[in-house]
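Q: Here it is: the structure, laid out below.
The values are calculated or read from the model by the stated rules, or taken from the named source; none is laboratory data. Only a predicted model underlies this, so the values are computations on that prediction, with no experimental measurement involved. Using ideal geometry, Cβ is built from the backbone for each residue, glycine included, and neighbour counts are taken over all protein chains shown. We work out accessible area using only protein heavy atoms, side chains counted, and drop any ligands, DNA or RNA first. Shrake-Rupley method; radii C 1.70, N 1.55, O 1.52, S 1.80 Å.
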Amino acid sequence: GHYGNTIRGGSGFGSYGYDARKKGLGWYNVGNNKSRFRGYGKENIDGFNELNKGPRVKGYKNKDGSGNATLAVKDQNLPLTKSNNEDIVSLVPDTDQYNREDFPDSYSDAMFFVIKSYSEDDVHKSIKYNVWASTSNGNKKLDAAFREAKEKPDGCPVFLLFSVNTSGQFVGLAEMVGPVDFNKTVEYWQQDKWTGCFPVNWHIVKDVPNASLRHITLKNNENKPVTNSRDTQEVNFEQGIQILKIFKDHSSKTCILDDFEFYETRQKIIQEKKAKHRLLQKQVSNGEPNDDAVTDDKLNAAIANEVSEKSTAASTAEVAKANGDVKHIEENGSVVATEDGPVKPVCAASAC
């Protein structure tokens, strides 16, 4: 899955979490709490359950089977003003750059890997920032494949087939266009636990149901259907080309781009809550009174600082991409990907 941000000291929320069941700010002690509302650093932040599908999919649910994701946004008590709503709309990518009819579907050589993300939020970030991250082992595997491909004289693209665990579908195809930067980790994954990253270019963005792919079996994975693959499972060339053609030819009425504004709103809310919590923790550590822990001025300053840092990072990534030296963000952690069964984490050593 989308796996792979490096674990950074001091970047988690520690033993506190934001309670999405309350309107407004409500911090509670997590400790060994096993409920599905867990603190940032334990699982998710701000009460946002990871989503395997967005609102575009009729009857979609949170990954734990509960709730409508639209309510998760509504209950965060962060009204969108006209101006920031326009900002969000302006960030929706131009759909003409994806699913192009002139995208080639035949190659003399190519490598293919299945990517299993924990969360569709992370796929949104991958498309937005042209980056991915995997688990430690996944990053190493993909980096080795990319370097091997670059040694081939006639060219050998490395394609990534994206799916979200338990979603029942694939969401598109991206190309790995740079090696893994094991020393660079980005901040915006749904879980703050992935390290490293690498650059990608997205070519196909559409919802392709598992039913369209289940007949394709992988000899290098006990003849299991490709829909029943682990993160970074390699797909042999013949089957990879077959899948690429299915992706290209599939007529889909929906894709994650339909939900881009929805995921932009979720990202904005999570960013604000992270900044608010970091301010709270900083003031607690400095012995400042809790009743004035998070003022609007301080919060706005913290958010502005984070936005500035992220904008600089994004600009740097775009420049690197233009120069052909883009490096993708690590995967958000590889998992055992079954079509209908529970998701089990695998070695935390691979990237998204």
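Q: Give me the number: length gained by fully extending A149 to E101, i.e. 0.36 nm times residue separation minus the C-alpha to C-alpha distance, one decimal in nm.
A: Between A149 and E101, full extension yields an extra 14.8 nm.
Q: Keeping the other protein chains in place, figure out the carbon and sulfur percent of the accessible area of the range 118-217, with a 1.4 Å probe.
A: Within the range 118-217, the accessible surface is 46 percent carbon and sulfur.
Q: A follow-up question, please. Given 0.36 nm per residue, what is the gain on full extension from N220 to N201 after removing their alpha carbon distance, in nm?
A: Result for the pair: 4.2 nm of gain on full extension.
Q: Treat the range 97-211 as a sphere of radius equal to its Kirkwood radius over Cα pairs and apply Stokes-Einstein at 37 °C in a medium of 0.692 mPa s; give the translational diffusion coefficient in µm²/s, rounded to a whole number.
A: This corresponds to a translational diffusion coefficient of 224 µm²/s.
Q: Here is a follow-up. Give, as ranges by residue number, the residues of the range 115-144 whose backbone N falls under 12 Å from the point 7 Å along Cα→Cβ of H250.
A: Inside the label zone: nothing.
Q: Hey, what's the Cα Rg ratio for the range 230-279 versus the globular rule of thumb, 2.2 N^0.38 Å?
A: Working it through for the range 230-279, the quotient is 1.90.
Q: Give the relative contact order (percent, whole number) for the range 98-260; include only Cα pairs under 8 Å separated by 6+ residues.
A: 30
Q: Filter the cross-link list K152/K245; K184/K253; K58/K193 down to pairs whose alpha-carbon distance in this structure exceeds 29 Å.
A: Beyond 29 Å between Cα atoms: K184/K253; K58/K193.
Q: Here is a follow-up. If R₀ is 22 angstrom, what is the calculated FRET efficiency for the pair V92 and K58, using the beta carbon separation as r and rounding to 0.05?
A: So, using R0 = 22 Å, E works out to roughly 0.55.
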